[in-house]
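To start, the structure itself, in C-alpha coordinates.
The values are calculated or read from the model by the stated rules, or taken from the named source; none is laboratory data. This is a predicted model, so every value here is computed, not measured. Glycine gets a Cβ as well: all are built from the backbone with ideal geometry, and neighbour counts include every protein chain shown.
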(Lines give C-alpha, C1' and ligand atoms only; values in the text may rest on other atoms or scores of the structure.)
Protein backbone atom coordinates (compact mmCIF):
# COMPACT_ATOMS: atom_id res chain seq x y z
CA UNK A 1 0.00 0.00 0.00
CA UNK A 2 2.73 2.40 -1.01
CA UNK A 3 0.53 5.34 -1.87
CA UNK A 4 -1.55 5.09 1.28
CA UNK A 5 1.51 4.57 3.44
CA UNK A 6 3.43 7.50 1.97
CA UNK A 7 0.65 10.06 1.93
CA UNK A 8 -2.23 9.51 4.28
CA UNK A 9 -1.81 6.70 6.80
CA UNK A 10 -0.49 9.21 9.31
CA UNK A 11 -3.97 10.74 9.42
CA UNK A 12 -5.54 7.70 11.04
CA UNK A 13 -2.76 5.93 12.97
CA UNK A 14 0.06 7.33 15.06
CA UNK A 15 -0.53 10.95 14.19
CA UNK A 16 -3.43 11.15 16.61
CA UNK A 17 -5.23 13.95 14.80
CA UNK A 18 -8.56 12.16 14.74
CA UNK A 19 -10.37 10.08 17.29
CA UNK A 20 -10.82 6.34 16.90
CA UNK A 21 -12.80 5.64 13.79
CA UNK A 22 -13.11 9.32 12.93
CA UNK A 23 -12.96 10.29 9.28
CA UNK A 24 -13.05 13.54 7.40
CA UNK A 25 -16.51 14.91 8.07
CA UNK A 26 -18.69 15.95 5.15
CA UNK A 27 -17.98 19.52 4.07
CA UNK A 28 -20.69 22.11 4.27
CA UNK A 29 -21.33 24.67 1.53
CA UNK A 30 -18.91 27.54 0.98
CA UNK A 31 -19.73 30.37 3.30
CA UNK A 32 -21.19 33.47 1.73
CA UNK A 33 -18.95 36.09 3.23
CA UNK A 34 -18.67 38.50 0.31
CA UNK A 35 -21.80 40.49 1.23
CA UNK A 36 -20.67 40.82 4.83
CA UNK A 37 -17.27 42.01 3.65
CA UNK A 38 -18.92 44.72 1.59
CA UNK A 39 -21.17 45.82 4.48
CA UNK A 40 -18.28 45.90 6.92
CA UNK A 41 -15.58 47.42 4.73
CA UNK A 42 -14.26 49.42 7.66
CA UNK A 43 -13.03 46.19 9.20
CA UNK A 44 -11.14 44.97 6.15
CA UNK A 45 -7.60 45.27 4.95
CA UNK A 46 -7.27 46.78 1.44
CA UNK A 47 -6.34 44.18 -1.13
CA UNK A 48 -3.48 45.98 -2.80
CA UNK A 49 -2.93 49.69 -2.34
CA UNK A 50 0.83 49.98 -2.27
CA UNK A 51 3.05 52.60 -3.81
CA UNK A 52 2.02 53.68 -7.29
CA UNK A 53 2.87 50.98 -9.81
CA UNK A 54 3.15 48.28 -7.15
CA UNK A 55 0.83 45.33 -6.69
CA UNK A 56 0.43 42.44 -4.30
CA UNK A 57 1.35 38.92 -5.35
CA UNK A 58 1.54 35.64 -3.49
CA UNK A 59 5.18 34.70 -2.97
CA UNK A 60 4.49 31.51 -0.97
CA UNK A 61 1.44 29.33 -0.27
CA UNK A 62 0.52 26.16 1.59
CA UNK A 63 -3.12 25.20 1.07
CA UNK A 64 -4.89 24.17 4.30
CA UNK A 65 -6.12 20.60 3.97
CA UNK A 66 -7.38 19.31 7.34
CA UNK A 67 -7.72 19.74 11.08
CA UNK A 68 -4.54 19.09 13.02
CA UNK A 69 -3.46 18.51 16.62
CA UNK A 70 -4.30 20.78 19.50
CA UNK A 71 -1.66 23.47 20.02
CA UNK A 72 -1.72 25.37 23.30
CA UNK A 73 0.82 27.86 24.68
CA UNK A 74 3.37 27.05 22.00
CA UNK A 75 5.56 29.08 19.67
CA UNK A 76 5.88 27.64 16.19
CA UNK A 77 8.63 28.80 13.83
CA UNK A 78 8.09 27.87 10.19
CA UNK A 79 10.51 28.31 7.30
CA UNK A 80 9.26 29.50 3.93
CA UNK A 81 11.03 30.64 0.78
CA UNK A 82 9.94 33.69 -1.18
CA UNK A 83 9.45 32.84 -4.85
CA UNK A 84 9.63 36.52 -5.78
CA UNK A 85 10.69 39.64 -3.88
CA UNK A 86 9.02 42.82 -2.71
CA UNK A 87 9.20 45.86 -0.47
CA UNK A 88 6.23 45.15 1.79
CA UNK A 89 4.94 41.90 3.21
CA UNK A 90 1.85 40.46 4.86
CA UNK A 91 0.89 36.96 5.95
CA UNK A 92 -2.40 35.07 6.00
CA UNK A 93 -3.35 32.81 8.87
CA UNK A 94 -6.08 30.22 8.50
CA UNK A 95 -8.41 28.49 10.93
CA UNK A 96 -10.36 26.97 8.03
CA UNK A 97 -10.65 23.52 9.59
CA UNK A 98 -10.80 24.58 13.22
CA UNK A 99 -13.78 23.70 15.37
CA UNK A 100 -13.23 26.60 17.80
CA UNK A 101 -11.64 30.07 17.78
CA UNK A 102 -7.87 30.25 17.99
CA UNK A 103 -5.85 33.19 19.29
CA UNK A 104 -2.46 33.78 17.69
CA UNK A 105 0.14 36.45 18.42
CA UNK A 106 2.64 37.88 18.62
CA UNK A 107 3.70 36.96 15.08
CA UNK A 108 7.24 37.69 13.94
CA UNK A 109 8.94 37.52 10.54
CA UNK A 110 12.70 37.48 10.03
CA UNK A 111 15.33 36.33 7.59
CA UNK A 112 16.51 32.81 8.25
CA UNK A 113 20.23 32.77 8.99
CA UNK A 114 22.16 32.12 5.81
CA UNK A 115 23.33 28.52 5.64
CA UNK A 116 21.27 27.54 8.67
CA UNK A 117 19.71 24.11 8.78
CA UNK A 118 17.88 24.85 12.03
CA UNK A 119 15.68 27.62 13.32
CA UNK A 120 18.20 30.47 13.71
CA UNK A 121 17.43 33.90 12.23
CA UNK A 122 19.65 36.82 11.28
CA UNK A 123 20.14 39.37 14.02
CA UNK A 124 18.37 42.65 13.35
CA UNK A 125 16.17 41.26 10.57
CA UNK A 126 13.04 40.65 12.63
CA UNK A 127 9.72 42.46 12.28
CA UNK A 128 6.67 42.20 14.49
CA UNK A 129 3.53 41.77 12.42
CA UNK A 130 0.19 43.26 13.45
CA UNK A 131 -3.46 42.61 12.76
CA UNK A 132 -5.60 45.72 12.66
CA UNK A 133 -2.86 47.38 14.70
CA UNK A 134 -2.92 44.67 17.36
CA UNK A 135 -0.18 42.17 18.22
CA UNK A 136 -2.58 39.23 18.36
CA UNK A 137 -5.77 38.15 16.67
CA UNK A 138 -8.56 35.70 17.50
CA UNK A 139 -9.59 33.77 14.39
CA UNK A 140 -13.07 32.26 14.32
CA UNK A 141 -13.57 28.67 13.28
CA UNK A 142 -13.60 28.53 9.50
CA UNK A 143 -12.07 32.00 9.11
CA UNK A 144 -8.77 33.42 7.91
CA UNK A 145 -7.08 36.78 8.50
CA UNK A 146 -4.36 38.84 6.88
CA UNK A 147 -1.74 40.87 8.72
CA UNK A 148 -1.18 44.57 8.21
CA UNK A 149 1.36 45.37 5.46
CA UNK A 150 4.87 45.76 6.88
CA UNK A 151 7.70 47.56 5.10
CA UNK A 152 10.55 45.11 4.61
CA UNK A 153 12.79 44.33 1.64
CA UNK A 154 12.56 40.67 0.67
CA UNK A 155 14.81 39.28 -2.03
CA UNK A 156 13.61 36.57 -4.40
CA UNK A 157 14.36 33.01 -3.23
CA UNK A 158 15.21 34.25 0.28
CA UNK A 159 14.32 32.00 3.19
CA UNK A 160 12.10 33.59 5.81
CA UNK A 161 11.19 32.46 9.32
CA UNK A 162 7.62 33.12 10.44
CA UNK A 163 7.13 32.60 14.17
CA UNK A 164 3.77 32.66 15.93
CA UNK A 165 2.62 32.14 19.49
CA UNK A 166 -0.57 30.10 19.85
CA UNK A 167 -2.39 30.96 23.06
CA UNK A 168 -3.53 28.45 25.64
CA UNK A 169 -7.06 27.14 25.26
CA UNK A 170 -7.02 27.08 21.48
CA UNK A 171 -8.78 24.28 19.65
CA UNK A 172 -7.51 21.92 16.94
CA UNK A 173 -5.15 23.51 14.46
CA UNK A 174 -5.53 23.96 10.72
CA UNK A 175 -2.71 22.30 8.83
CA UNK A 176 -1.18 21.55 5.49
CA UNK A 177 -0.09 17.96 6.06
CA UNK A 178 2.87 17.34 3.75
CA UNK A 179 4.92 20.45 4.41
CA UNK A 180 8.24 18.94 3.24
CA UNK A 181 9.88 21.47 5.58
CA UNK A 182 10.71 21.28 9.28
CA UNK A 183 8.58 23.31 11.67
CA UNK A 184 10.10 24.09 15.07
CA UNK A 185 7.94 24.11 18.21
CA UNK A 186 8.76 25.53 21.65
CA UNK A 187 6.66 25.20 24.79
CA UNK A 188 5.70 28.05 27.10
CA UNK A 189 5.97 31.81 26.70
CA UNK A 190 6.33 33.56 23.35
CA UNK A 191 9.87 33.15 21.98
CA UNK A 192 9.17 34.13 18.39
CA UNK A 193 11.69 36.97 18.35
CA UNK A 194 14.57 34.81 19.60
CA UNK A 195 17.56 34.67 17.27
CA UNK A 196 18.58 31.18 18.38
CA UNK A 197 15.20 29.54 18.71
CA UNK A 198 15.35 26.49 20.96
CA UNK A 199 12.66 24.02 19.87
CA UNK A 200 11.45 21.22 22.10
CA UNK A 201 9.96 19.35 19.17
CA UNK A 202 9.90 19.33 15.39
CA UNK A 203 7.26 18.59 12.81
CA UNK A 204 6.99 18.77 9.04
CA UNK A 205 3.44 19.96 8.52
CA UNK A 206 2.38 23.58 8.12
CA UNK A 207 0.36 25.16 10.94
CA UNK A 208 -2.10 28.04 10.43
CA UNK A 209 0.24 29.81 7.97
CA UNK A 210 -1.32 29.67 4.51
CA UNK A 211 0.21 32.59 2.57
CA UNK A 212 3.03 35.09 2.43
CA UNK A 213 2.31 37.99 0.09
CA UNK A 214 4.58 40.80 -1.11
CA UNK A 215 4.06 44.14 -2.77
CA UNK A 216 6.29 44.34 -5.82
CA UNK A 217 6.83 46.47 -8.88
CA UNK A 218 4.59 46.08 -11.91
CA UNK A 219 4.28 44.26 -14.19
CA UNK A 220 3.84 41.33 -11.83
CA UNK A 221 1.58 38.38 -11.30
CA UNK A 222 0.96 35.13 -9.47
CA UNK A 223 0.82 31.64 -10.92
CA UNK A 224 -1.09 29.21 -8.70
CA UNK A 225 -0.50 25.47 -8.94
CA UNK A 226 -3.64 23.47 -8.16
CA UNK A 227 -2.28 19.99 -7.70
CA UNK A 228 -1.89 16.85 -5.63
CA UNK A 229 1.04 15.10 -3.94
CA UNK A 230 3.22 15.51 -7.04
CA UNK A 231 2.90 19.29 -6.81
CA UNK A 232 3.19 19.02 -3.02
CA UNK A 233 6.63 17.50 -3.55
CA UNK A 234 6.22 14.03 -2.04
CA UNK A 235 9.38 12.14 -3.00
CA UNK A 236 11.59 15.25 -2.97
CA UNK A 237 14.32 15.94 -0.42
CA UNK A 238 12.80 17.59 2.67
CA UNK A 239 14.09 21.05 3.68
CA UNK A 240 15.62 21.64 0.22
CA UNK A 241 12.80 23.43 -1.65
CA UNK A 242 13.01 20.65 -4.23
CA UNK A 243 9.39 20.45 -5.44
CA UNK A 244 8.71 21.28 -9.07
CA UNK A 245 7.04 24.64 -8.24
CA UNK A 246 10.23 25.52 -6.31
CA UNK A 247 12.30 24.61 -9.36
CA UNK A 248 10.01 26.77 -11.50
CA UNK A 249 10.65 29.74 -9.18
CA UNK A 250 14.38 29.07 -9.54
CA UNK A 251 14.03 29.25 -13.33
CA UNK A 252 12.03 32.46 -13.32
CA UNK A 253 14.48 34.17 -10.97
CA UNK A 254 17.54 32.79 -12.77
CA UNK A 255 16.87 34.70 -15.98
CA UNK A 256 19.05 37.59 -17.09
CA UNK A 257 15.97 39.71 -16.39
CA UNK A 258 14.11 37.95 -13.56
CA UNK A 259 10.33 38.00 -13.73
CA UNK A 260 8.09 39.41 -10.99
CA UNK A 261 6.03 36.23 -10.87
CA UNK A 262 5.04 34.70 -7.56
CA UNK A 263 4.74 30.91 -7.58
CA UNK A 264 1.96 29.83 -5.21
CA UNK A 265 2.01 26.07 -4.65
CA UNK A 266 -1.54 25.09 -3.69
CA UNK A 267 -0.91 21.37 -4.14
CA UNK A 268 -2.40 19.01 -1.53
CA UNK A 269 -1.10 15.48 -1.20
CA UNK A 270 -3.99 13.09 -1.80
CA UNK A 271 -6.24 15.71 -3.41
CA UNK A 272 -8.82 15.12 -6.13
CA UNK A 273 -10.61 17.33 -8.63
CA UNK A 274 -14.14 16.04 -8.10
CA UNK A 275 -14.49 14.61 -4.60
CA UNK A 276 -13.65 15.81 -1.10
CA UNK A 277 -11.36 13.79 1.13
CA UNK A 278 -12.17 10.12 1.78
CA UNK A 279 -9.35 8.11 3.30
CA UNK A 280 -6.69 7.93 1.90
CA UNK A 281 -7.58 10.99 -0.18
CA UNK A 282 -7.33 14.39 1.44
CA UNK A 283 -8.81 17.84 1.55
CA UNK A 284 -11.65 19.64 -0.17
CA UNK A 285 -11.81 18.86 -3.89
CA UNK A 286 -10.06 21.16 -6.32
CA UNK A 287 -13.44 22.47 -7.44
CA UNK A 288 -14.53 23.14 -3.86
CA UNK A 289 -11.34 24.95 -2.89
CA UNK A 290 -10.70 26.75 -6.16
CA UNK A 291 -11.74 30.21 -5.01
CA UNK A 292 -9.98 30.18 -1.64
CA UNK A 293 -6.79 28.46 -2.85
CA UNK A 294 -6.40 29.94 -6.33
CA UNK A 295 -8.84 32.45 -7.81
CA UNK A 296 -8.79 34.77 -4.79
CA UNK A 297 -4.99 34.92 -4.50
CA UNK A 298 -3.62 38.45 -4.99
CA UNK A 299 -2.39 39.20 -8.50
CA UNK A 300 -3.28 35.78 -9.90
CA UNK A 301 -2.98 35.64 -13.68
CA UNK A 302 -2.46 31.93 -14.28
CA UNK A 303 -3.56 28.64 -12.77
CA UNK A 304 -1.72 25.42 -13.54
CA UNK A 305 -4.05 22.45 -13.12
CA UNK A 306 -1.98 19.36 -12.28
CA UNK A 307 -4.57 16.99 -10.84
CA UNK A 308 -6.67 14.03 -11.86
CA UNK A 309 -4.59 10.94 -11.13
CA UNK A 310 -6.16 10.53 -7.67
CA UNK A 311 -9.65 10.73 -9.16
CA UNK A 312 -8.67 7.84 -11.42
CA UNK A 313 -7.06 5.80 -8.64
CA UNK A 314 -10.05 6.18 -6.33
CA UNK A 315 -12.12 4.04 -8.69
CA UNK A 316 -10.00 1.04 -7.79
CA UNK A 317 -8.97 1.98 -4.25
CA UNK A 318 -12.38 2.89 -2.80
CA UNK A 319 -15.39 0.59 -2.80
CA UNK A 320 -18.14 3.21 -2.67
CA UNK A 321 -19.42 3.92 -6.20
CA UNK A 322 -19.95 7.60 -5.39
CA UNK A 323 -16.19 7.92 -4.96
CA UNK A 324 -15.47 6.69 -8.49
CA UNK A 325 -14.84 8.89 -11.50
CA UNK A 326 -14.63 8.14 -15.21
CA UNK A 327 -12.35 9.94 -17.64
CA UNK A 328 -15.40 11.80 -18.99
CA UNK A 329 -16.33 13.00 -15.50
CA UNK A 330 -12.77 14.14 -14.79
CA UNK A 331 -12.71 16.05 -18.08
CA UNK A 332 -16.04 17.67 -17.24
CA UNK A 333 -14.57 18.73 -13.89
CA UNK A 334 -11.60 20.27 -15.66
CA UNK A 335 -13.95 22.14 -17.99
CA UNK A 336 -15.84 23.54 -15.00
CA UNK A 337 -12.62 24.68 -13.34
CA UNK A 338 -11.42 26.36 -16.54
CA UNK A 339 -14.74 28.16 -17.01
CA UNK A 340 -14.73 29.50 -13.46
CA UNK A 341 -11.18 30.82 -13.83
CA UNK A 342 -11.86 32.33 -17.25
CA UNK A 343 -14.87 34.15 -15.80
CA UNK A 344 -12.40 35.95 -13.53
CA UNK A 345 -9.96 36.71 -16.34
CA UNK A 346 -7.47 34.03 -15.28
CA UNK A 347 -5.72 31.75 -17.76
CA UNK A 348 -5.51 28.04 -17.07
CA UNK A 349 -2.65 25.83 -18.18
CA UNK A 350 -3.25 22.09 -18.18
CA UNK A 351 -0.57 19.59 -17.14
CA UNK A 352 -0.72 16.03 -18.43
CA UNK A 353 -0.88 13.27 -15.81
CA UNK A 354 2.36 11.47 -15.05
CA UNK A 355 2.72 7.73 -15.67
CA UNK A 356 2.50 5.58 -12.55
CA UNK A 357 2.95 2.01 -13.74
CA UNK A 358 4.23 -0.20 -10.93
CA UNK A 359 2.74 1.91 -8.14
CA UNK A 360 1.42 -0.74 -5.77
CA UNK A 361 -2.32 -0.61 -5.01
CA UNK A 362 -2.59 2.43 -7.27
CA UNK A 363 -2.00 1.50 -10.91
CA UNK A 364 -4.50 -0.64 -12.84
CA UNK A 365 -4.99 -1.42 -16.53
CA UNK A 366 -8.37 0.32 -16.47
CA UNK A 367 -6.89 3.32 -14.70
CA UNK A 368 -4.11 3.52 -17.27
CA UNK A 369 -6.68 3.72 -20.08
CA UNK A 370 -8.46 6.52 -18.21
CA UNK A 371 -5.18 8.38 -17.71
CA UNK A 372 -4.39 8.20 -21.40
CA UNK A 373 -7.89 9.38 -22.30
CA UNK A 374 -7.60 12.36 -19.97
CA UNK A 375 -4.15 13.22 -21.32
CA UNK A 376 -5.37 13.02 -24.90
CA UNK A 377 -8.09 15.53 -24.05
CA UNK A 378 -5.68 17.84 -22.21
CA UNK A 379 -3.44 17.92 -25.28
CA UNK A 380 -6.10 18.09 -27.97
CA UNK A 381 -9.30 19.34 -26.38
CA UNK A 382 -8.50 23.01 -26.90
CA UNK A 383 -9.90 24.00 -23.50
CA UNK A 384 -6.64 24.99 -21.80
CA UNK A 385 -4.81 28.20 -22.61
CA UNK A 386 -1.54 26.26 -22.67
CA UNK A 387 -0.55 22.61 -22.23
CA UNK A 388 2.41 21.47 -20.10
CA UNK A 389 3.35 17.93 -21.12
CA UNK A 390 4.66 16.50 -17.85
CA UNK A 391 4.01 12.96 -19.08
CA UNK A 392 6.36 13.36 -22.03
CA UNK A 393 9.28 14.64 -19.93
CA UNK A 394 8.98 12.06 -17.14
CA UNK A 395 8.00 8.78 -18.81
CA UNK A 396 10.32 5.89 -19.63
CA UNK A 397 10.47 5.65 -23.46
CA UNK A 398 10.86 1.88 -23.18
CA UNK A 399 7.88 1.52 -20.80
CA UNK A 400 5.65 4.49 -21.39
CA UNK A 401 3.27 3.65 -18.55
CA UNK A 402 6.16 4.08 -16.09
CA UNK A 403 8.33 6.91 -14.81
CA UNK A 404 11.87 7.11 -16.16
CA UNK A 405 13.97 5.24 -13.55
CA UNK A 406 16.29 8.24 -13.18
CA UNK A 407 13.27 10.34 -12.16
CA UNK A 408 11.55 7.79 -9.88
CA UNK A 409 11.62 8.46 -6.12
CA UNK A 410 11.14 4.74 -5.54
CA UNK A 411 7.37 4.38 -5.28
CA UNK A 412 6.83 4.58 -9.08
CA UNK A 413 4.35 7.40 -8.53
CA UNK A 414 6.26 10.44 -7.30
CA UNK A 415 9.33 11.87 -9.02
CA UNK A 416 12.60 12.55 -7.21
CA UNK A 417 14.44 15.88 -7.18
CA UNK A 418 15.77 15.36 -10.71
CA UNK A 419 12.31 14.47 -11.96
CA UNK A 420 10.81 17.57 -10.40
CA UNK A 421 13.49 19.74 -12.03
CA UNK A 422 12.69 18.16 -15.39
CA UNK A 423 9.01 19.01 -14.88
CA UNK A 424 9.82 22.65 -14.15
CA UNK A 425 12.02 22.75 -17.26
CA UNK A 426 8.94 21.89 -19.36
CA UNK A 427 7.49 25.33 -18.54
CA UNK A 428 8.90 28.13 -20.67
CA UNK A 429 9.60 31.42 -18.85
CA UNK A 430 8.70 33.28 -22.04
CA UNK A 431 5.09 32.15 -21.55
CA UNK A 432 4.94 34.39 -18.49
CA UNK A 433 6.98 37.21 -19.98
CA UNK A 434 4.75 37.61 -23.04
CA UNK A 435 1.61 37.79 -20.92
CA UNK A 436 2.73 39.95 -18.00
CA UNK A 437 2.03 43.26 -19.70
CA UNK A 438 -1.41 42.54 -21.12
CA UNK A 439 -3.00 40.02 -18.73
CA UNK A 440 -5.71 41.33 -16.38
CA UNK A 441 -5.03 41.04 -12.69
CA UNK A 442 -7.66 39.19 -10.67
CA UNK A 443 -8.11 40.80 -7.28
CA UNK A 444 -9.25 38.91 -4.18
CA UNK A 445 -12.15 40.04 -2.05
CA UNK A 446 -11.13 41.97 1.08
CA UNK A 447 -10.18 39.92 4.09
CA UNK A 448 -12.03 40.59 7.34
CA UNK A 449 -10.31 41.06 10.65
CA UNK A 450 -13.42 40.65 12.78
CA UNK A 451 -13.46 36.85 12.72
CA UNK A 452 -16.12 36.45 10.02
CA UNK A 453 -15.82 33.11 8.22
CA UNK A 454 -13.68 32.93 5.07
CA UNK A 455 -13.89 29.75 3.02
CA UNK A 456 -15.31 26.52 4.38
CA UNK A 457 -15.32 25.23 7.90
CA UNK A 458 -15.23 21.53 8.61
CA UNK A 459 -18.06 20.55 10.97
CA UNK A 460 -16.70 18.68 13.97
CA UNK A 461 -18.30 17.35 17.11
CA UNK A 462 -17.02 18.44 20.50
CA UNK A 463 -15.96 14.87 21.17
CA UNK A 464 -13.94 14.71 17.97
CA UNK A 465 -12.30 18.04 18.71
CA UNK A 466 -11.33 17.03 22.24
CA UNK A 467 -9.75 13.81 20.99
CA UNK A 468 -7.01 15.67 19.08
CA UNK A 469 -3.60 14.74 20.42
CA UNK A 470 -1.25 17.55 21.49
CA UNK A 471 1.45 18.38 18.98
CA UNK A 472 4.20 17.16 21.31
CA UNK A 473 2.68 13.67 21.37
CA UNK A 474 2.86 13.23 17.62
CA UNK A 475 5.91 12.02 15.66
CA UNK A 476 6.80 14.02 12.54
CA UNK A 477 5.39 13.19 9.13
CA UNK A 478 8.40 11.21 7.91
CA UNK A 479 8.39 9.08 11.06
CA UNK A 480 4.74 8.27 10.51
CA UNK A 481 5.14 6.57 7.14
CA UNK A 482 6.47 3.15 6.25
CA UNK A 483 8.92 2.63 3.39
CA UNK A 484 7.34 1.86 0.05
CA UNK A 485 7.23 -1.78 -0.89
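For this structure, a couple of remarks:
- Candidate set: the stretch 245-272, residues that are part of a loop (DSSP other than H, G, I, E, B) and under 15 Å from the mean Cα position of the chain (by Cα); chosen: the one surrounded by the fewest Cβ atoms within 10 Å (Cβ to Cβ): 270
- Residue check: residue 366 meets all listed conditions (1) surrounded by 15 or more Cβ atoms within 10 Å (Cβ to Cβ); (2) part of a helix (DSSP H, G or I); (3) in contact (Cβ under 8 Å) with a residue 40 or more places away in the chain but one, namely (1).
- Total residues in the stretch 285-305 satisfying the condition of being assigned to a helix (DSSP H, G or I) and within 18 Å of residue 57 (Cβ to Cβ): the figure is 5.
- Restricting the search to helices (runs of 4 or more DSSP H) fully inside the stretch 370-485 and requiring at least 2 residues that are modelled with pLDDT under 95 and under 30 Å from residue 185 (Cβ atoms) gives 462-466.
- Members of the stretch 153-179 that are surrounded by fewer than 23 Cβ atoms within 10 Å (Cβ to Cβ) and touching a helix residue (DSSP H, G or I) at 6+ places or on another chain (Cβ under 9 Å): 157, 171
- Looking across the stretch 62-83, the residues that are outside any strand (DSSP E or B) and under 28 Å from residue 287 (Cβ atoms) come down to 62, 63, 64, 65, 83.
- Residue 70 being closer than 20 Å to residue 148 by Cα and either at pLDDT below 95 or surrounded by 19 or more Cβ atoms within 10 Å (Cβ to Cβ) (or both): no
- Residue match in the stretch 120-131 (condition: at pLDDT 95 or above, part of a strand (DSSP E or B) and within 22 Å of residue 224 (Cα to Cα)): no
- One residue stands out among those in the stretch 180-232 that are more than 25 Å from residue 85 (Cα to Cα) and crowded, with 23+ Cβ neighbours inside 10 Å: the one that is farthest from the chain's Cα centre (by Cα), which is 203.
- In the set 137, 121, only one residue is within 13 Å of residue 158 (Cβ to Cβ) and buried (at least 20 other Cβ atoms within 10 Å of the Cβ); that residue is 121.
- Some residue of the stretch 173-186 being assigned to a loop (DSSP other than H, G, I, E, B), modelled with pLDDT of 95 or more and farther than 26 Å from residue 115 by Cα: no
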